[in-house]
Amino acid sequence: GLSRRRLLGGSAAVAGAAGAAGIGWGAATLTHREHDRDPALDTVAFYGAHQAGIATEPPGHAAFVGFDLVAGVGREDIIGLLKIWTDDASRLTQGKPALADTEPELAARPARLTVTVGFGPQLFTAAQLDDQRPHWLKPLPPFSIDKLDAAWCGGDLVLQICADEATTVSHAVRVLSKHVKSLVSVKWVQRGFRNAAKGQTMRNLMGSVDGTVNIAPDTPDFDRLVWDDGGYRPWLAGGTSMVLRRIAMQLETWDELDADGRAITIGRTVDNGAPLSGTKEFDEADFQVVDQYGIPKIPPSSHIARAHHTRDEERFLRRGYNYDDAPAPGQVSNSGLLFASFQRDIDAQYLPVQQRLAEFDALNQWTVPVGSAVFAIPPGVPGPGGYLGQQLFD
Ligand code: HEM
């Protein structure tokens, strides 16, 4: 059998153990992995100043679950729910069954499980805390490119559950959902996946290397652009916000584009994701470089030219997942991106970029936003005894 000592063995954090390449995702929270250890036993610390699942390197599988509060649920019920989620998450992420876990066996492979909780705009009303809602926590304005389906929009609460094993994700989703089922109803579940190779940028289902230009965790940029400092809403210190956009890909017509057409659309090569002004993935894109005819090597209409920040404040963390669901009758695919971004201030950081892309982006011909939701992500639980979101309710 699996001894608890072995499961938790060597829990000392080792800074820089993984994620050497790329943007250097937070590896410091990963527990030490011995050579003979099954990677499915790896855990990510639950307690800390920030919730896990943001600065931590994204594992291979994710489920985003949106919940609506049942009518009549108020402040004390919400606190009760958050205490349950805190207790469940603090156990499951460390490879231990939740209390009254009906399938405790499924908890034995945490596989870097993280549970991240977020608050939708209406939760503040239900909790009679309207004055504590951040000004940026409201549905995104409509964009001309949107074809939103209400079934993928909004939510009073969100759980982002990530792990390297889909079984682990399923178990955590089920435990966390059923333990609070009298207080909330599940509004949507969006499941996704990404390349699990550590230290490498994932590819999306269009085949593009996706996530190259990002903010590296544990840098001053990350602390400034992602984590709230409490100056505006003291309860939010150490928290952030999440934008979740479900963006469908029109792969049937994308198929008609060759590698050059795809490169011009994105502004980067298909081969290794290098900007068209350079040769290697992490070469900095130079939007001024022109070819022998004086034409910019990175087309101004390309996705990266349009998405590139025009001011420092326009930067944010992207931490998305691919989705690939069952196609509708007569269709071949139903694939896309669960675009998840984290930023201190949605209005200042995310919105200007999204607005620019909605005005024009060569990629828009093959992508359609079908879902949209925004959440405030409270800080982490500093240690045992506290609960998620406590800073808001104290
Ligand atoms: C860059 C794909 C939607 C913001 C990129 C890159 C790819 C890509 C392949 C280049 C590699 C990289 O740096 O990551 C996609 C796809 C989308 C999508 C397939 C939809 C299905 C969005 C949205 C936003 C966004 C909705 C924000 C509103 C960015 C930013 C960059 C980027 C900021 C980096 C630009 C730079 O070079 O400075 N995206 N993207 N993307 N994307 Fe997207």
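The values are calculated or read from the model by the stated rules, or taken from the named source; none is laboratory data. Since we're looking at a predicted model, the values are computed, not measured. Don't worry about glycine lacking a Cβ; one is built from the backbone with ideal geometry, like all the others, and counts go over all protein chains shown.
A compact table of results
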| read-out | value |
| --- | --- |
| Selection within segment 115-144 - touching a residue at least 12 places away in the same chain (Cβ under 8 Å) and in a helix (DSSP H, G or I) | P121, Q122, L123, F124, A126, Q132 |
| Which numbered condition H135 misses (of (1) within 30 Å of P352 (Cα to Cα); (2) touching a Gly at 6+ places or on another chain (Cβ under 7 Å)) | (2) |
| Qualifying positions in segment 255-280 - farther than 14 Å from L363 by Cβ and among the charged types (D, E, K, R) | D255, E256, D258, D260, D271, K280 |
| Close pairs from segment 364-383: first closer than 26 Å to L337 by Cβ, partner of a type in the set (K, R) and not in a strand (DSSP E or B), Cβ under 8 Å, at least 6 apart | V368/K147; P369/K147; V370/K147; V374/K138; A376/R133 |
| Count of segment 264-273 residues which are part of a helix (DSSP H, G or I) and more than 10 Å from the ligand (Cβ to nearest atom) | 1 |
| Complete set of residues in segment 272-285 that are over 24 Å from the mean Cα position of the chain (by Cα) and more than 25 Å from Q343 (Cα to Cα) | L276, S277, G278, T279, K280 |
| Q390, sole failed condition from (1) surrounded by 16 or more Cβ atoms within 10 Å (Cβ to Cβ); (2) under 21 Å from L148 (Cα atoms); (3) in contact (Cβ under 8 Å) with a residue 60 or more places away in the chain; (4) not small (G, A, S) | (2) |
| Qualifying residue in segment 219-231 (condition: among the aliphatic types (A, V, I, L, M) and within 17 Å of the chain's Cα centre (by Cα)) | yes |
| Number of the condition not met by E252 [criteria: (1) acidic (D, E); (2) without any contact (Cβ under 8 Å) to a residue 12 or more places away in the chain; (3) farther than 29 Å from G48 by Cα] | (2) |
| Criterion (over 20 Å from L337 (Cβ atoms), surrounded by fewer than 18 Cβ atoms within 10 Å (Cβ to Cβ) and either among the small types (G, A, S) or touching a Leu at 6+ places or on another chain (Cβ under 9 Å) (or both)) met by exactly one of Q122, Q128 | Q122 |
| Candidates R311, R319, R262, filtered to the one that is in contact (Cβ under 8 Å) with a residue 60 or more places away in the chain and under 28 Å from the mean Cα position of the chain (by Cα) | R319 |
| Residues of segment 284-307 that turn out to be without any contact (Cβ under 8 Å) to a residue 24 or more places away in the chain and buried (at least 16 other Cβ atoms within 10 Å of the Cβ), as a count | 3 |
| Residue ranges of helices (runs of 4 or more DSSP H) in segment 282-394 with at least 2 members away from the ligand (no atom under 11 Å from the Cβ) and either over 15 Å from L244 (Cβ atoms) or in contact with a Leu (Cβ under 6 Å, 6 or more places away or on another chain) (or both) | 390-393 |
| Selection within segment 222-263 - charged (D, E, K, R) and more than 13 Å from the ligand (Cβ to nearest atom) | D223, R224, D228, D229, R233, E252, D255, E256, D258, D260 |
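The rows are residues; the columns are (1) modelled with pLDDT under 95; (2) of a type in the set (D, E, K, R); (3) over 23 Å from F193 (Cα atoms); (4) touching a Ser or Thr at 6+ places or on another chain (Cβ under 6 Å).
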residue	(1), (2), (3), (4)
V14	yes, no, yes, no
G24	yes, no, no, no
A27	yes, no, no, no
L30	yes, no, no, no
E34	yes, yes, yes, no
R37	yes, yes, yes, no
G48	no, no, yes, no
G53	no, no, no, yes
G66	no, no, no, no
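Residues checked against (1) buried (at least 20 other Cβ atoms within 10 Å of the Cβ); (2) over 24 Å from P369 (Cα atoms); (3) modelled with pLDDT of 95 or more; (4) within 15 Å of the ligand (Cβ to nearest atom):
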{"position": "Q160", "(1), (2), (3), (4)": "yes, no, yes, no"}
{"position": "A163", "(1), (2), (3), (4)": "yes, yes, yes, no"}
{"position": "V173", "(1), (2), (3), (4)": "no, yes, yes, no"}
{"position": "K187", "(1), (2), (3), (4)": "yes, no, yes, no"}
{"position": "G192", "(1), (2), (3), (4)": "yes, no, yes, yes"}
{"position": "M206", "(1), (2), (3), (4)": "yes, no, yes, yes"}
{"position": "T212", "(1), (2), (3), (4)": "yes, no, yes, yes"}
